[in-house]
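The values are calculated or read from the model by the stated rules, or taken from the named source; none is laboratory data. Keep in mind that this is a model prediction, so the values were computed, not measured. Quick reminder, even Gly has a Cβ in these numbers, built from the backbone with ideal geometry, and neighbours come from all protein chains shown. What goes into the accessible areas is simple: the full protein's heavy atoms, side chains included, and nothing from ligands, DNA or RNA. Shrake-Rupley method; radii C 1.70, N 1.55, O 1.52, S 1.80 Å.
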Amino acid sequence: MARKPETWCRAFFSHGYACEAVENGVAECFNDMIKEIRKKPLLTMLEEIRILLMKRFFHEGQEVAKWRGNCGPNIQLKLDEFGKDIRVWTVVPSGDDVFEVRYGYNGYKVDLATHTCTCNLWMLSGIPYVHSQSAINYVHKDPSQFLSSWLHNDKYVATYSQNIQPVGGSNLWPMTEFIKPLPPPFRRMPRRPKVKKSEACI
C-alpha cells in the first residue's frame, strides 16, 4: 500500500480511461524504435527521431483510412476475445437496461445504460467483457456500439490528423555564433582496462 497501488494494481485503477494495461508499453516501444538512433550525435539523433515520427504519423493515417466499422482491428480482436463463451452465461433481465448475468455461483450486475458491470473490467478497458456482451446479445445489439468513445475510429484519426512538417536539411540551416554541440570529453574509467583476447594473443 505504501507504493501507491493506484499506479500498478488494476483493483485501484480509475474508470473512464479505456486502458487496463499495467505495463508501460508505449515507452518501451519507443525506446526499441530508437535503439540504434540514440547512439548517434545529438543533432543527428534528433533529426532521425523527427523523420521516424513523421513517417509513422503518415503510415498510421493511411492505415486508419482502410478500417471499416466502429473500431480498429486490434480492438475488434480484443472485443471478440472478451466475448468468448457468452453461451454459458444466463441473462436475467431486471428492467431499464439492467441485467443479472449468472454462471453457476458467479453472478454480476450489468447496466447497459451506464456501461457498467460489477466485474469492473468493462469500466477499466472500455470494452464489454463476457458478462456485458451476454446482456448485449440478449437485447440483440452489436457489442461494438458499447465501446468507450476513446476506442472509436474518430479518436484514432484525430491522433494522427496533424503530421510533423518537413524541415530543410542541415545545408540550409543558418550559421550562428554559438559553439557547435560537441561530445563530452573522453574520461578514463577507473580500474584496469579490459584487454580483448585477440590483442592478448598478439
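Listed residues S170, S125, S161, S94; which is touching a residue at least 60 places away in the same chain (Cβ under 8 Å), small (G, A, S), over 22 Å from A21 (Cβ atoms) and touching an Asp or Glu at 6+ places or on another chain (Cβ under 9 Å)? Just one listed residue meets the conditions, S170. Entry remark, the stretch 124-154: residues being in contact with a helix residue (DSSP H, G or I) (Cβ under 7 Å, 6 or more places away or on another chain), open to solvent by 70 Å² or more (accessible area, probe 1.4 Å) and over 12 Å from F99 (Cβ atoms) number 1 in total. Of the residues screened, E47 is one that is at pLDDT 90 or above and either part of a helix (DSSP H, G or I) or open to solvent by less than 50 Å² (accessible area, probe 1.4 Å) (or both). Only one of the numbered conditions (1) touching a Cys at 6+ places or on another chain (Cβ under 9 Å); (2) under 28 Å from S170 (Cα atoms); (3) not hydroxyl-bearing (S, T, Y) is not met by F13, and that is (2). Inside the stretch 117-156, residues that are among the acidic types (D, E) and assigned to a loop (DSSP other than H, G, I, E, B) make up a count of 1. Any chance the stretch 70-87 includes a residue that's in contact with a Ser or Thr (Cβ under 7 Å, 6 or more places away or on another chain) and farther than 30 Å from N163 by Cβ? Yes: the stretch 70-87 contains one or more residues that are in contact with a Ser or Thr (Cβ under 7 Å, 6 or more places away or on another chain) and farther than 30 Å from N163 by Cβ. Taking first residues from the stretch 50-75 that are β-branched (V, I, T) and partners that are open to solvent by 40 Å² or more (accessible area, probe 1.4 Å), the Cβ contacts under 8 Å between residues at least 6 apart in sequence or on separate chains come to V64/Y156; V64/V157; V64/Y160. When R87, R68 are screened for being outside any helix (DSSP H, G or I) and open to solvent by 90 Å² or more (accessible area, probe 1.4 Å), only R68 passes.
Do the conditions hold for C29, that is, is it surrounded by 12 or more Cβ atoms within 10 Å (Cβ to Cβ) and within 12 Å of the chain's Cα centre (by Cα)? Taking the combined requirement at face value, the residue does not satisfy it. Among the criteria (1) open to solvent by 80 Å² or more (accessible area, probe 1.4 Å); (2) in a loop (DSSP other than H, G, I, E, B), the one S161 does not fulfil is (1).
Considering only residues in the stretch 20-38 that are of a type in the set (A, V, I, L, M) and part of a helix (DSSP H, G or I), the one that is modelled with the lowest pLDDT turns out to be V26.
Among the residues of the stretch 99-110, none qualifies, meaning not one is outside any loop (DSSP other than H, G, I, E, B) and closer than 30 Å to F30 by Cβ.
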